[in-house]
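Asker: Quick one: this structure, given as structure tokens, is what I'll be asking you about.
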Amino acid sequence: MDRMLISLRQHRLLATLIVLQMAIGYPLLLGLGALASQAHAQLHLASGIDDDTHLLTLRLDGRVSAAAARREAAALRAVPGVLHVAAVNQLPFGPERWDALLGPRADGSGGQFRAAVYLGDPSLVPALGLRLQRGRDFASDEYRDFVAPTALDLAQRVILTRSLAARMFPDRDALGQAVYLGDRPPARVVGVVERLRAPGDGDNDDSAILALRAPDPGNPLYVLRIAPGDAARVRARLAADAARIVPGRLLEMDSAGALRQRHQRLQRHRLLLLAAGAALWLFGTGGMVYALSEAMVRQRDRQIALRRALGARATQIQRQLRHENLLLCGLGIALGATSAALLRRVLFDASLLSPPAPAPLLVALLLLATGWLAMRGPARRAARLSPAAYPAP
């Protein structure tokens, strides 16, 4: 060990660069691992929608009167194979995002919880195929008109997801409890659904369905629950009769299943990019450590040849050089782990450096393996040095 430390002190700059390379690489690879873990989790998220391949979505263009909108909805319900039709403001995996702060007390003392807010009409819950765990769906006369973007507190009834209900009311049953959305009287919880995913890239099910009719912003979104086996036939019928059912307004016809598949495809692309980035960094780290190690060994060629002349075996030379390399890499990884722990304290989102439990160990092992492989070439070359090539001065 003393000989090793003396050797490293003679090459402080090169040794420091190896340590810095590892110290930077550890938190960087840890962050890539955390992002990859999040993308992998997104691949397997359940939306809460039952059989989303049989939930068609219609995006319409242009604003019409309330009476005309009711006629369009009735015409859509009359299409053979359509079981339920509902207007909705957003969908899981969709581009829209409506959310609000909800609380169990008017003064906010019980906490404020940000939740995705779903608006619709009396057919929304059966159209989405949501599973009510407790309570009931809204009655038709409980719906209110959504008159302004700030009028969410007009709702008098609310349905919560299981996860949101557990967070807001951890020590009591959520049914019948008050939920405050503003200064008006609270909405009462009438039901709890098993799951309804919030739109966007999050992985939470903190969602609330308010008894408010979805607004018509000029491009309303309808969801159509289709009978099993009738999806292709209903699509063809809607495409053929669009001019009669929604004259000049059909902008896009899709399905909730297609939204989910596009989201999953995006997450797979993210995983590939993150894996490629990690591989490139490891490759670059290997190249950097190889170059620095080769430079350190070349500066010690005469010293190594002298040791060979004094009887040191090739395996002893290789072992010492590899131990030096592992010492430097281990020191760099330790510094990187310390910097990652400090960064978690100052980052707004600490999850960026908090992958699942095996990841930190795996990152450390990958970096150690990269450093060990990078030293193999210089160590082998050093072990083959001939004492005759470096005569005593």
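Asker: What distance in nm lies between label points placed 7 Å from Cα along the C-beta direction at D145 and W372?
Answerer: 7.3
Asker: Tell me what the chain gives for mean residue ellipticity at 222 nm when only DSSP H runs of n ≥ 4 count, each as -39,500 (n - 2.57), the sum divided by the residue total, rounded to 500 deg cm²/dmol.
Answerer: Working: 10 runs with 190 residues, N = 393.
Counting only the DSSP helices, I get -16500 deg cm²/dmol.
Asker: Rank the residues T315, T16 as a footprinting-exposure proxy: fewest other Cβ atoms within 10 Å of their Cβ go first. Spell out each step's value before the answer.
Answerer: Details: T315 9, T16 15.
Fewest-to-most ranking of T315, T16: T315, T16.
Asker: Given R₀ = 51 Å, what would the calculated FRET efficiency be for D50 paired with A341, taking r from the Cβ atoms and rounding to 0.05? All intermediate terms of the calculation are to be shown ahead of the outcome.
Answerer: Working: r = 43 Å, r/R0 = 0.85.
E between D50 and A341, to the nearest 0.05, is 0.70.
Asker: Stretched out fully, how many nm does the piece from A334 to R131 gain, at 0.36 nm a residue minus the Cα gap?
Answerer: Details: separation 203, 0.36 × 203 = 73.08 nm, distance 4.88 nm.
Difference between extended and current length: 68.2 nm.
Asker: Something else now. For the chain, what are the DSSP H helices with axial Cα length of 30 Å or more and mean Kyte-Doolittle hydropathy of at least 1.0? Please report the intermediate quantities before stating the final value.
Answerer: Details: long enough: 12-43 (46 Å, 1.25); 256-298 (63 Å, 0.24); 314-346 (48 Å, 0.39); 358-383 (36 Å, 0.95).
Those that pass (Cα extent of 30 Å or more, hydropathy at least 1.0) are 12-43.
Asker: Another question, then. Choose one of L175, L373, L55: the residue whose Cα lies farthest towards the positive end of the charge dipole of the chain (beta-carbon charges +1 Lys, Arg; -1 Asp, Glu; about the Cα centre).
Answerer: L373
Asker: So for the chain, taking the charge dipole from beta-carbon charges (+1 Lys/Arg, -1 Asp/Glu), which of S255, L20, T338 sits furthest toward the positive end?
Answerer: L20
Asker: Report the charge-dipole magnitude of the chain in Debye, nearest 20, computed about the Cα centre from +1 at each Lys and Arg Cβ and -1 at each Asp and Glu Cβ.
Answerer: Magnitude of the dipole: close to 2140 debye.
Asker: Moving on. Got a sec? How would E72, E142 order by Cβ neighbour count within 10 Å, fewest to most? Write down the numbers at each step before the final one.
Answerer: Values: E72 21, E142 16.
Least crowded to most crowded, the residues run E142, E72.
Asker: According to a simple spin-label model (label point 7 Å from Cα along Cα-to-Cβ), what is the distance in nm between A357 and D61?
Answerer: 5.5
Asker: Then there is this: Multiply the residue gap between A239 and R70 by 0.36 nm, knock off their C-alpha separation, and tell me the result in nm, one decimal place.
Answerer: Working: separation 169, 0.36 × 169 = 60.84 nm, distance 1.98 nm.
That works out to 58.9 nm of additional length.
Asker: Hey, another quick one. Give the relative contact order (percent, whole number) for the chain; include only Cα pairs under 8 Å separated by 6+ residues.
Answerer: On the way: 669 pairs, mean separation 111.9, N = 393.
With pairs under 8 Å counted, the relative contact order is 28 percent.
Asker: Same structure again: Would you mind calculating the gained length between R114 and L326 on full extension (0.36 nm times residue separation, minus the Cα-Cα distance), in nm to one decimal?
Answerer: Working: separation 212, 0.36 × 212 = 76.32 nm, distance 4.75 nm.
Stretched out fully, the R114 to L326 stretch lengthens by 71.6 nm.
Asker: Report, in debye and to the nearest 20, how large the dipole of region 62-248 comes out about its Cα centre when Lys and Arg carry +1 and Asp and Glu carry -1 on their Cβ. Walk me through the intermediate numbers first.
Answerer: Details: 25 positive and 21 negative charges, 103 e Å.
Dipole about the Cα centre, nearest 20: 500 debye.
Each value in this text was obtained by applying a stated rule to the coordinates, not by laboratory testing. Just so we're clear, the structure is a prediction, and the values are computed from it rather than from any experiment. Every residue, glycine as well, gets a Cβ built from its backbone with ideal geometry; the counts of neighbours run over all protein chains shown.
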